[in-house]
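Rule-based calculations on the coordinates, nothing more; no lab input. Model, not experiment: these values are computed from the prediction. Glycine gets a Cβ as well: all are built from the backbone with ideal geometry, and neighbour counts include every protein chain shown.
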Amino acid sequence: MTMKLKTKRGLTVIMVHAYIRSDKNFETAYEQLKFINLYAGQKNLTIDDEFIDQKSQNKRLDERDEVASYFKLGAGGTLLVYDAWVLSTNMEDAVQMFSCLLKNSYEVHFVKQSVIITKESDVMLVLGLIDQLRQTLQDNSKKSIGRPKGSRSSSKFDRYHNEILSHIKANKSVSEIARLLHVSRSSLKDYIESRELKDFASGSLVHETPENAEANVINKITCPNTTK
């Protein structure tokens, strides 16, 4: 795996990476990618590299060599992730991931919360994101974990996601796209409609940025209840 910073007229240009991790208990890879692309479009960011991690679902960080190498090679870049759980659903590993990303001068964008952290960030913001992850994992441990409400199951077409979008933007018909991908027209049509890809391609879907996003994260930190 190789990764380099882009250069333009002798100047170093920061690479923008998107990291997507599959986890059956949370948003699918497709949903993460959709929101990341919407966010990037709103922020005028061009994604240079996408890493869709299908292997790390239940593995500890010391078993995720490919992920560790990927982040090490991209040091100093911009990283887009949907939410903190994408980095890890193990609190110990998540803290290590946060620490190492910031140590390696990443600018990390958490798309769901619409916040950015760097090594210069307010420590309360970083702690707020970690605490949100703690709350999410704690809530899930108290109930039977299933696919989140409103989420969709993975599809065999997810791997063609960007290619399908490119064809739609080029005004190709569903029939033309199906022939190019050698897939069923009816199945592809259902996929495009269920994923709202035509709306996505036309730009009619937008990422909503909440007001006072950083304050919202900090204010959601919860402290233990006391009996006194």
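A few points about this structure:
- Loop-located GluC sites (Glu not before Pro) across region 50-111 with a Cβ neighbour count of 11 or fewer within 10 Å are lacking, with loop assigned by DSSP.
- For region 106-122, the Karplus equation 6.51 cos²θ - 1.76 cosθ + 1.60, evaluated at θ = phi - 60°, returns couplings of 6, 9, 9, 9, 9, 5, 4, 8, 6, 10, 10, 10, 9, 5, 9, 5, 4 Hz by residue, with Gly and Pro reported as x.
- Charge context of Ala178, other residues only, Cβ under 14 angstrom, K/R +1, D/E -1: +1
- For Asp53, the residues whose modelled amide H falls within less than 5 Å of its own, excluding neighbours fewer than 5 places apart on the same chain, are Ile20, Arg21, Ser22.
- Coil-residue GluC sites (Glu not before Pro) of region 169-198, DSSP, other Cβ within 10 Å capped at 13: Glu196
- Scalar couplings 3J(HN,Hα) for region 177-192, obtained by applying the Karplus form with A = 6.51, B = -1.76, C = 1.60 to θ = phi - 60°, are 5, 4, 5, 5, 8, 6, 10, 5, 4, 5, 5, 5, 4, 4, 5, 4 Hz; x denotes Gly and Pro.
- The H on the amide N of Thr28, modeled in the peptide plane, is under 5 Å from the matching H of Arg152, each at least 5 residues off or on a different chain.
- 5 angstrom amide H check on Val13, placed H, neighbours 5+ away: Lys6, Thr7, Lys8
- Shape class of region 13-150 from the Cα gyration tensor (axes a ≥ b ≥ c, square roots of the eigenvalues): rounded, since a/c falls below 1.5.
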